[in-house]
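Step one of this worksheet: look at the structure below.
We did not get these values from a lab; they are worked out from the coordinates using the rules stated. Predicted, not measured: the structure shown is a model, and the values here were computed from it. Virtual Cβ from ideal backbone geometry, glycine too; neighbours counted across all protein chains shown.
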Amino acid sequence: MTNDDWTARDAAVVWHGFTQMSCYADNAPVIVERGEGRELIDTAGRRYLDAISSLWVTTLGHRVPELDQALREQIDRVAHSTLLGNGNRIVIEFAEALARAVPVDEPHIAFASDGASAVEQALKIAFQYWTNRGIAGRTAYLAFGDAYHGDTIGSLSLGAGGFGTQIFDPLRFPVLRAPSFSEPGALDTAAQMVRAHRDILAAVVVEPLVQGAAGMLSAPAESFRLLAAACEETGVLLVCDEVATGFGRTGTLFASEQCALRPDLLCLGKGITGGYLPMSATVANRKVFDTFLGPDLSANTFYHGHSYGGNALAAAVALRHLQLLQSGAILANVRERSAQLHEALAPLARRASVRDIRLIGLMGAVELDTSQEPRLARRVCAAMVRRGVLSRSMGPVITLVPPLTITAAEIERIVATLIAALDEVGA
């Protein structure tokens, strides 16, 4: 069968997210057959360097021997058992390891299956935290301009819109909106808003260091201390959404470390299993967790859970993945390759078509001037794919989010391909 045959079969039965299905086939989608290292291989045998880490989740590449082995060993034990009222050995072992690693005081971990669900859990936990304490009126949330926290209704409400989601605006609940990281003093303004609205705020939700889906917008790491101080002073809960930035993506295990943050609630997802299986987590500190303790079947109980929350196969892979990240070599590679990518991309700033270049760790964005051609970034990414490098555009932004194990030669390949694609589309 040809790639076109597979595309036709795909379009006949699959509904792809963030994709207009009427022109799905016209955009020459890659139909993946298998993966090797940091490359994906399509049904025709063509290879593509996965420069978006399969939507930022495949941290170490594809078919990682250690992760494959962890999965094989666990499947010989049990694939899944519910965490509602019972436990599972490998989930306990992973939770213990994660608890030692996260920047959260005396953590307890609630598992789910995707980042938006982790954020949704955090919203409900923050709301019930105040209810359990018998304090009325603390029901509002503060979030940031250009924020993105997922696509469930609660997480969508926290987000600042975009991505064609305006149609759902009637379903969103209102939040207090601090400035985007693109505006100077955003964290200072947010801290002032926390103090001004202390009597109604349940929590502040922030992406530490970098707003990923906004096109890698960053705020100075030291400025987050202003927000943390305001939360500490007012009792407003601090929720850090590290679904995108967690597990080494910014050069440290968690971006909160660089911002000197110890949140009350920490949301994790994407890279938690190295891209192997769906898993996410909401990590609560002792202060929050203790308010949910009480008699059996009491109102203090957190009546929330997911059928596949704490899946054993995912936990086994996540545990081995965390151990690999903690060896140190991978995080060192992130910092080295980030410096290399920064230097390699710098000359592009002289191009008239390039508005800005932003890079934090291995979260990169090349923003183009799309005033004359709205689909310019989309066309450049398509030209990159034709040359064997998978990238993805978000509006005017070309995202470069390669695996954490990317090599120096592969960084050169990504940049050379981007330049060739810009030349082709510009011509």
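List the chymotrypsin sites (Phe, Trp or Tyr not before Pro) within region 1-63 that DSSP assigns to loop and that have no more than 15 neighbouring Cβ atoms inside 10 Å.
Hits after loop and neighbour filter: Trp15, Phe18.
In deg cm²/dmol, rounded to 500, what helix-only [θ] at 222 nm does the chain give when every DSSP H run of at least 4 residues adds -39500 (n - 2.57) and the total is split over its residues?
Computed mean residue ellipticity for the chain: -11000 deg cm²/dmol.
Counting Lys +1, Arg +1, Asp -1, Glu -1, what net charge surrounds Glu207 among other residues with beta carbon under 9 Å of its beta carbon? Could the numbers behind the result be given before it?
Values: positive: none; negative: Asp241, Glu242.
Taking every other residue near Glu207 into account, the sum is -2.
Of all GluC sites (Glu not before Pro) in region 22-92, which ones are in loop regions per DSSP and have a Cβ with at most 11 other Cβ atoms within 10 Å?
none
Can you give the net charge of the other residues whose Cβ lies under 15 Å from the Cβ of Asp146, counting K and R as +1 and D and E as -1?
-3
Compute the angle between helix 3-13 and the longest alpha-carbon principal axis of the chain, please, reported from 0 to 90 degrees and rounded to the nearest 10.
Between the helix axis and the principal axis of the chain, the angle is about 30 degrees.
Helix 312-325 against the longest principal axis of the chain: what's the angle in degrees, Cα atoms only, rounded to the nearest 10?
Once rounded, one gets 70 degrees.
Work out the charge dipole of region 67-325 with +1 on the Cβ of Lys and Arg and -1 on the Cβ of Asp and Glu about the Cα centre, then indicate which of Trp130, Thr250, Leu322 is farthest towards its positive end.
Trp130
Compute, for region 171-254, the length of the dipole vector about the Cα centre, with Cβ point charges of +1 (Lys, Arg) and -1 (Asp, Glu) only. Units Debye, rounded to 20.
For this selection, approximately 160 debye.
Quick one: net charge of Gly364's neighbours, Cβ under 12 Å, K/R +1, D/E -1?
+2
Quick one: work out the % antiparallel among DSSP beta bridges in region 67-325, nearest 5. Each step should come with its number before you reach the end.
Details: 11 of 24 bridges.
Of the beta bridges lying entirely in region 67-325, close to 45 percent run antiparallel.
What does the charge dipole of the chain about its Cα centre add up to, to the nearest 20 debye, if the Cβ of each Lys and Arg holds +1 and the Cβ of each Asp and Glu holds -1?
Using Cβ point charges on Lys, Arg, Asp and Glu, the chain gives about 100 debye.
Can you give the angle from 0 to 90° between the axis of helix 408-426 and the longest principal axis of the chain, with both taken from C-alpha atoms, to the nearest 10?
With both axes taken from Cα atoms, the answer is about 70 degrees.
Given an 8 Å cut-off on Cα distances and at least 6 residues of separation, report the relative contact order of region 14-79 as a percent.
Relative contact order of region 14-79: 21 percent.
About the Cα centre of region 24-83, how large is the charge dipole given +1 on each Lys and Arg Cβ and -1 on each Asp and Glu Cβ? Please answer in debye to the nearest 20. Kindly include the intermediate steps, with their values, before the conclusion.
Values: 7 positive and 10 negative charges, 7 e Å.
With Lys and Arg at +1 and Asp and Glu at -1, about 40 debye.
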